[in-house]
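Let me begin by presenting the structure, written as structure tokens, before commenting on it.
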Amino acid sequence: MPIVQWRHWSVLLAVGIMVLLLLSQLPAMEHGLQQRRQAVAVFQPAKVKWLTDDNLVDALSKLPLQDQLTKVGWDHAILTIDLLGTVPDEVWEDMGQLIIFSYAEMHNVRQLLIRVFKDKGEQRTLLMAAETRKNEWTDKELTELRLSDLMVDVNSNSKIRLSVSPSGRRWLANFAN
């Protein structure tokens, strides 16, 4: 056999051994990649601290509200929310949730406006409207509100200015009986 053929066979043998050695290292490289993949989550839930037009719907959709949101507005640090009210106790609970969300969890909400409607087919009737401002609430009061099952006692809380329509008075009286 000529020497040229031995060189070709020896080069081919050396390349084959190197490929075999590299292929044997693949499981170790895969294990290292798996550890790096575990350290980085694919989706990390973003904790919203500032409301913007872009994250308003996502932030509010995570709230466990009893009543249905019908309209949400965000303009110059004023959060406006319209609810379809069913039961007054659920509305008070939702108001508490919204106050805590707006003032304890978000850093840029200065004022919260809530309107509660009753749905009558194609027509909506305004039952009540509530307005409150962040500078009227202390951290302690927000913590107490959070610990009191999120129920807002609107009658004893002067921080919530409540306007009740005549339809709203009838609605409240029906549930008071």
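Bear in mind that the values in this text are calculations on the coordinates, not laboratory data. On a predicted model such as this, the values are computed, not experimentally measured, just so you know.
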For segment 56-176: lysine pairs with Cα atoms under 17 Å, gap of 8 or more or different chains, count? 5
So Leu69 and Lys140, fully extended at 0.36 nm per residue minus their Cα-Cα distance, gain in nm 22.8 nm
Karplus-derived 3J(HN,Hα) from phi for segment 58-64 (6.51 cos²θ - 1.76 cosθ + 1.60, θ = phi - 60°), whole Hz, x at Gly and Pro, runs 4, 5, 6, 5, 7, 6, x
May I ask you to evaluate 6.51 cos²θ - 1.76 cosθ + 1.60, the Karplus curve with θ = phi - 60°, for each residue of segment 97-110 and list the ³J(HN,Hα) values in order in whole Hz, giving x for glycine and proline? 4, 5, 5, 4, 4, 5, 9, 8, 9, 9, 9, 10, 9, 9
Mind listing the long-range amide H neighbours of Leu51? Cut-off is under 5 Å, sequence gap 5 or more, other chains count too, H placed in the peptide plane at 1.01 Å from N. His107, Asn108
Under Karplus coefficients 6.51, -1.76 and 1.60, residue-wise ³J(HN,Hα) of segment 135-145 in Hz, glycine/proline x: 5, 8, 10, 8, 4, 5, 5, 5, 5, 5, 5
Amide H contacts under 5 Å for Met128, restricted to residues at least 5 apart in sequence or on another chain and with H modeled in the peptide plane, are Val116, Ser165
